[in-house]
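Remarks on the structure that follows.
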Amino acid sequence: MTNELLREKIAMALNDMKAKAIEMGIKGVATASVLNNGETVDWIGEMKVVETPCNLKEGWNLVAIAWSKCGEVIATQADSGNPNHKKIMGELGFMGGAYDEFKGCKMAFAFSGASSEEDLVVAKYGIEKMKGYISE
């Protein structure tokens, strides 16, 4: 699949994540990054804001946190927030990032803005939707 087509599918999955977050009554930031089948280093990443990029009241930059989760997922090839993973510079160690491989694509999806458990639900939902789009 071309990178352009992959980017379109990522955007569709992010729209699904946004709808899921709205359905759950949460807001924040959804991020997705995918390594296309056959690529080795060129991850394609996109982001979708669900009502707000920051929680200024509590002092959270949701964009930075969501991308940090994606970064941890890419580095570890596992869901973020694993207590056995020793954090490296740039990682915050929050749950809410999900990893999967499907049809040769490596996928790192994350959400930030709600509880860790809710963030992870939205991230995993995005990955499942992405698998469907890759299969089309």
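Just so you know, all these numbers are worked out from the coordinates, no wet-lab data involved. This one's a predicted model, so the numbers in the text were calculated from it and none came from an experiment. Cβ atoms come from the backbone with ideal geometry, glycine included; neighbour counts cover every protein chain shown.
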If a residue has to be under 23 Å from Lys57 (Cα atoms) and in contact (Cβ under 8 Å) with a residue 12 or more places away in the chain to count, how many in the range 98-121 make the cut? 10
What's the number of the condition Tyr99 fails, among (1) hydroxyl-bearing (Ser, Thr, Tyr); (2) within 25 Å of Glu4 (Cβ to Cβ); (3) in contact with a His (Cβ under 9 Å, 6 or more places away or on another chain)? (3)
Give all pairs with beta carbons closer than 6 Å in which a residue from the range 1-26 that is surrounded by 16 or more Cβ atoms within 10 Å (Cβ to Cβ) meets a residue that is assigned to a helix (DSSP H, G or I) and among the polar types (S, T, N, Q); count only pairs at least 6 apart in sequence or on separate chains. none
Does Asn84 satisfy the condition of being in a loop (DSSP other than H, G, I, E, B) and not charged (D, E, K, R)? yes
Can you pull out the residues in the range 106-123 that are surrounded by fewer than 24 Cβ atoms within 10 Å (Cβ to Cβ) and over 16 Å from Gly71 (Cα atoms)? Ala114, Ser115, Ser116, Glu117, Glu118, Val121
